[in-house]
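Okay, so here's the structure we're looking at.
Taken together, the values in this text are just the output of simple stated rules run on the coordinates, not laboratory data. Remember, predicted model here, so these are calculated numbers, not experimental data. No Cβ is skipped: glycine too gets one built from the backbone with ideal geometry, and neighbour counts run over all protein chains shown.
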Amino acid sequence: MISIDLGSNTFRCIEYDCTVKTFTKDFERIVKTAEGMYKSGRIGEKAIGRILKAIREADLFYNFKTHAMRMAENSTEVLQQIEKESGVKFELIDAKQEAAFALKAVSSRLVQLGMDRDSYVLVDIGGGSTEVIFVYGKEVYSRSFPLGIVSVAGQCSTHEEIEILLEQLLKPVRDFIEEQYRRYQRPQIFVNTAGTPTTIAAFLQGMRYDTYDASKINGYILSLSGCRHALKELTAMDENRRAEFVGVGREVLIIAGILIVQKFYDLLDFDEAIVIDDGVREGVAIDYCENRE
């Protein structure tokens, strides 16, 4: 089957063989669904055009949509337009479902890598929202926050402005984390998924956007000092040079993304995290095959 994750910044799809439980071909494009939405509350025509172009390029047929589409005032008409022009029908999922799909994919990958633990915290930083998921054995506690790299980058033009905005946006995140730490103990490991941590891990291993290799990302140990090094190096580049490493469309967003990622090391009191490439699209595929069986 083919699973598509149309997020607030990226259109990602992957093919999954339900019989042998293996991922095969994948496809990704930067579509910036949530671009400018923090001002207008609507998904713009340019973003719709980029989504339709990505669908045509992928030539695929099934999908789920996340935060930007949940929040947009014109989500219904946008989905209808996409279906009419491409034949692709999107299913709108809520934050709880999004977190569940991401967790299913990440937990499966951790087991395959032999890195699973009884307790861990998973952070999934997207374009328009961030999911924080605590796992304690069979108990799972998750919450979604309206904090993402597209929305933050769209409101700020300097590191200082991003820092000020994050202080405000991260207050409820800090409260949620402190609540879990009071009720339980600090989890054994910290796991990072989504575009920003995977891009940092790729950059630190010398990969460019067109040479990205997910097999070298899954299980990578990303330290806070590594994040700081990547931020320093990427900030020093001009946007064209930066795009070679992070992808066209991410050259501005990646700076906000790294600053957000760094904040979670401090909030969670960890010096390093395990990076996992798998996310919502993989979780959707695994879940579909399990239910079909």
Q | Amide H contacts of Gly44 (H built 1.01 Å from N, under 5 Å, at least 5 apart or other chain) | A | none
Q) Once the dipole of segment 96-281 is set up with Lys and Arg at +1 and Asp and Glu at -1 on Cβ about the Cα centre, which of Met115, Gly128, Gln205 lies farthest towards its positive end? A) Met115
Q: Show the residues, 5+ positions off or on another chain, whose built amide H is closer than 5 Å to the amide H of Asn218.
A: Asp277
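Extension gain Thr76-Thr22, at 0.36 nm per residue separation less the Cα-Cα distance, in nm? The partial results should precede the final answer.
On the way: separation 54, 0.36 × 54 = 19.44 nm, distance 3.37 nm.
Between Thr76 and Thr22, full extension yields an extra 16.1 nm.
Mind checking the full-extension length gain between Asp271 and Glu139? Use 0.36 nm per residue of separation minus the Cα-Cα distance, one decimal, nm. Please report the intermediate quantities before stating the final value.
Values: separation 132, 0.36 × 132 = 47.52 nm, distance 2.47 nm.
Gain in length upon complete extension: 45.0 nm.
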Q) For segment 210-226, what does the Karplus curve 6.51 cos²θ - 1.76 cosθ + 1.60, with θ = phi - 60°, yield as ³J(HN,Hα) per residue in whole Hz, taken in order and with x for Gly and Pro? A) 7, 10, 4, 10, 4, 5, 8, 8, 4, x, 5, 8, 9, 8, 5, 5, x
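Once you order the gyration tensor axes a ≥ b ≥ c over the Cα atoms, which shape class does segment 155-252 get: rounded for a/c under 1.5, otherwise prolate or oblate by comparing a/b with b/c?
oblate
Can you tell me the length gained on complete extension of the stretch Thr158 to Ala236, counting 0.36 nm per residue apart and subtracting the Cα distance?
Values: separation 78, 0.36 × 78 = 28.08 nm, distance 1.35 nm.
Length difference between fully extended and current span is 26.7 nm.
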